[in-house]
Structure formats: C-alpha cells, structure tokens
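Enquirer: Take this structure first; my questions come after.
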Amino acid sequence: MSSLPQHLDLHLIRILYLLLVEKNVSRVALKLNQPQPSISASLRKLRELTGDPLLVRGARGMVPTQHGESLLKPAKRILDETESLFVRKTPFVPEQADRTFHIAAPDYLDTQFLPGVVASIRRGAPNSRVTIHHLGPGTDYLRMLSDGEMDLVIANWDEPPSHLHISKLFEDPIICTMRADSAYAKRTASDAMTVEDYLTLPHIAPTAMLPGYHGVIDAFLERQGMHRKVAVESPYFGLIPYMLTQTDLVLTTGRQFIRFYEKTLPLKNFTVPIKFPPMRFYQLWHQRVHQSPEHKWLRDQVTAAAKVVVNR
C-alpha cells in the first residue's frame, strides 16, 4: 500500500484539478500566473505520484486518461472542503439567518410543546425553515445526529445514549384515562382503581417505537413481573383519545399529554395503582454541534418552550 508523500502541497492538487479541467498546460499557467515550465514540472511530479500519465494526446489536443478523469471529483472536493476550513466564523444573528433546523420528535409529546418550539423559532428567525422528522422504529437518529442530518432529537428515554449531549426538558406524571360514561368509570372513583383492575382492563397502546412510550410502560411492568392486556395498538397517537370515546379501552399516558384532549372529550382520569416513574423528556445533540452558536440558540428555544409547558 503506497503512503502519501510527507508534504502534500495543496497547490499541487489545485494544479491537478485545473489540468484535468483545462486539458492544457499553457492555459493553466495563465490562470495561475505561473511560467509554463513550472506547470509542466508539476505535471511530471503528479504523474510520478499517481503512477499514471493523467493527460495524453488526443485528436484535438490533450485528454485525461481514465484514471485522470476519476481524480477530478476528489480533487474538487478537497479544494472545496479546504476552502471551507478557513471561512471566517461569523456570529449567528437569528433575525438574518436563512437555514433549515431539523428536529426529530415522536407524536406523543404534550400537544402544545412542539407548536411552542415552532412558534419560538418563527418569531426569532423568520427567514429560517423548520423540518420536524418523525421518530419511529426505522429512524437511525444516532447516525443522523453524527452526520449532521439532524440538529436535535426530542424524546423520552429510560437511559439516554451516554455519548451524546443531553438536557432535561420536563417530566410528565403517568395517569390512565378512559371514556367517562364507560361501565367501569361510572362505578369506580378516580383514586380507587386496583392493580388487578388495571391489568385486566382492555388497554390501547401506541405501536412499539424505538424509543417509544409503549416500551417504557410495558418494560416497567415486565420488571415488576406484571403484564397488562393490550387489546388495540395504534401508530397514530393523536387519534387514540378519540378512540377512547367510542370504546371501553384504557390509555396509560402522561398527565400533560391528555390535558388538551380532556377539555373537549368526555374522558375520566384515574390514578394508576402502579408507581410508574414519570416520563422524562430530553433534548439530545451531538458533540459536533455542541459549540455552534445557531445550535445553542435552537436549544434555547426548545428549553423555553418546555418551561411554558411546565409552568402553565
């Protein structure tokens, strides 16, 4: 395996790129304001380094060899990326920013939280765009964060990934809810549900996600040697409260999540007779953006929206 020359000159890569584009030593010499013999010497050096002629005579002047052609894109990429290394870092001014913020989140968050995040970003950076990404079983959010495809992930974890930066947003205590005029709800006080009742009532749960609410509830029950009766699974969390109104189903959810729906739907909440830990929501980000001013600003908007949820 050949090793790179000890002092690889960036100027030599620029000459390689221009020779492959211009296909003419004289034109490259003019572009770089260098004598032609100097460019010819660089071409000889490049041929020696690559073990390939790079440019050969064709019917109408010089043409790149197949290997030379294959070096065009890598040379351009190196030049572009090197240029970006030395672009002066400019302060982030939200009012003038024109960028897209990418946030991944599940659909079982407090109903007012994500709208609050979007509103805050729109107020502060009106020229920017926001893309909310679904967080489901197929979402490789760890790779997307490390590759820069995602700025932030918001969700709940029992144990968040240890190699990423994290800040806690809010907690949501667990309750269960059902149709207010169901047979069980009419005869039972909200604080009188027994463990046996809870485990034998028919439950509705969101389809398992990673990370997912369904996993948190059932994993906890499993650790206690318990198992609830899940009669219905649905990937559409926002529709589940409406499904309760036409069935005998029970939903175990966060208190803050159901608060929005109980204003308009005939639901009755119960104290869960099992001591579930509250759902803990976090925002998660990668080290590569930890010091970035625009990412710090974005995280501040998310934190502020979480405080509104907690304090309302």
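Enquirer: Kindly list the number of the only condition in (1) part of a loop (DSSP other than H, G, I, E, B); (2) modelled with pLDDT of 85 or more; (3) not hydrophobic (A, V, I, L, M, F, W, C) that fails for residue 110.
Expert: The failed condition is (2).
Enquirer: Then there's this: Please verify whether residue 18 is part of a helix (DSSP H, G or I) and closer than 20 Å to residue 77 by Cβ, treating the condition exactly as stated.
Expert: Numbers: part of a helix (DSSP H, G or I): yes; closer than 20 Å to residue 77 by Cβ: yes.
Here the answer is yes, as residue 18 does meet what is asked.
Enquirer: Among the residues of the stretch 62-80, is any at pLDDT below 90, more than 44 Å from the chain's Cα centre (by Cα) and open to solvent by less than 60 Å² (accessible area, probe 1.4 Å)?
Expert: Scanning the stretch 62-80 turns up at least one residue that is at pLDDT below 90, more than 44 Å from the chain's Cα centre (by Cα) and open to solvent by less than 60 Å² (accessible area, probe 1.4 Å).
Enquirer: Hey, another quick one. Can you name every residue in the stretch 152-164 that is modelled with pLDDT of 85 or more and open to solvent by 10 Å² or more (accessible area, probe 1.4 Å)? Step through it out loud before you land on a result.
Expert: Just the residues of the stretch 152-164 that are modelled with pLDDT of 85 or more, to begin with: 152-155, 164.
Passing the criteria: only 164.
Enquirer: Hey, among 103, 132, which residue is at pLDDT 90 or above, open to solvent by 50 Å² or more (accessible area, probe 1.4 Å) and aliphatic (A, V, I, L, M)?
Expert: That would be 132, the only listed residue that is at pLDDT 90 or above, open to solvent by 50 Å² or more (accessible area, probe 1.4 Å) and aliphatic (A, V, I, L, M).
Enquirer: A further question follows. Looking only at the stretch 130-180, which residues are in a loop (DSSP other than H, G, I, E, B), under 27 Å from residue 259 (Cα atoms) and free of Cβ contacts under 8 Å to residues at least 40 places away in the same chain?
Expert: 159
Enquirer: Output the number of the condition that residue 266 fails; it satisfies all remaining conditions of (1) within 27 Å of residue 144 (Cβ to Cβ); (2) open to solvent by 20 Å² or more (accessible area, probe 1.4 Å).
Expert: Checking residue 266 against (1) within 27 Å of residue 144 (Cβ to Cβ); (2) open to solvent by 20 Å² or more (accessible area, probe 1.4 Å), the one that fails is (1).
Enquirer: Go over the candidates 28, 93 one by one and state the one that is modelled with pLDDT of 90 or more, surrounded by 10 or more Cβ atoms within 10 Å (Cβ to Cβ), of a type in the set (A, V, I, L, M, F, W, C) and over 30 Å from residue 300 (Cα atoms).
Expert: On the way: 93 fails: over 30 Å from residue 300 (Cα atoms).
Within the list 28, 93, the selection yields 28.
Enquirer: Being in contact (Cβ under 8 Å) with a residue 24 or more places away in the chain, of a type in the set (A, V, I, L, M) and under 23 Å from residue 308 (Cβ atoms) is true for just one of 267, 244, 221, 284. Which residue is that?
Expert: On the way: 267 fails: under 23 Å from residue 308 (Cβ atoms); 244 fails: under 23 Å from residue 308 (Cβ atoms); 221 fails: under 23 Å from residue 308 (Cβ atoms).
So the residue among 267, 244, 221, 284 that is in contact (Cβ under 8 Å) with a residue 24 or more places away in the chain, of a type in the set (A, V, I, L, M) and under 23 Å from residue 308 (Cβ atoms) is 284.
Enquirer: Shifting gears a bit: Residue 127 fails exactly one of the following numbered conditions: (1) in a helix (DSSP H, G or I); (2) open to solvent by 60 Å² or more (accessible area, probe 1.4 Å). What is the number of that condition?
Expert: The failed condition is (1).
Enquirer: All but one of (1) touching a helix residue (DSSP H, G or I) at 6+ places or on another chain (Cβ under 9 Å); (2) at pLDDT below 95; (3) not in a helix (DSSP H, G or I) hold for residue 291, so report the exception by its number.
Expert: (1)
Enquirer: May I ask you to verify whether residue 147 is charged (D, E, K, R), modelled with pLDDT under 95 and surrounded by 14 or more Cβ atoms within 10 Å (Cβ to Cβ)? Please lay out each step first, then the result.
Expert: Values: charged (D, E, K, R): yes; modelled with pLDDT under 95: yes; surrounded by 14 or more Cβ atoms within 10 Å (Cβ to Cβ): no.
No.
The values are calculated or read from the model by the stated rules, or taken from the named source; none is laboratory data. The model shown is predicted, which means the values in this text are computed figures rather than measured ones. Note that each Cβ is placed from the backbone with ideal geometry, even for glycine, and that neighbours are counted across all protein chains shown. Protein only, heavy atoms only, side chains kept; ligands, DNA and RNA dropped before computing areas. Shrake-Rupley method; radii C 1.70, N 1.55, O 1.52, S 1.80 Å.
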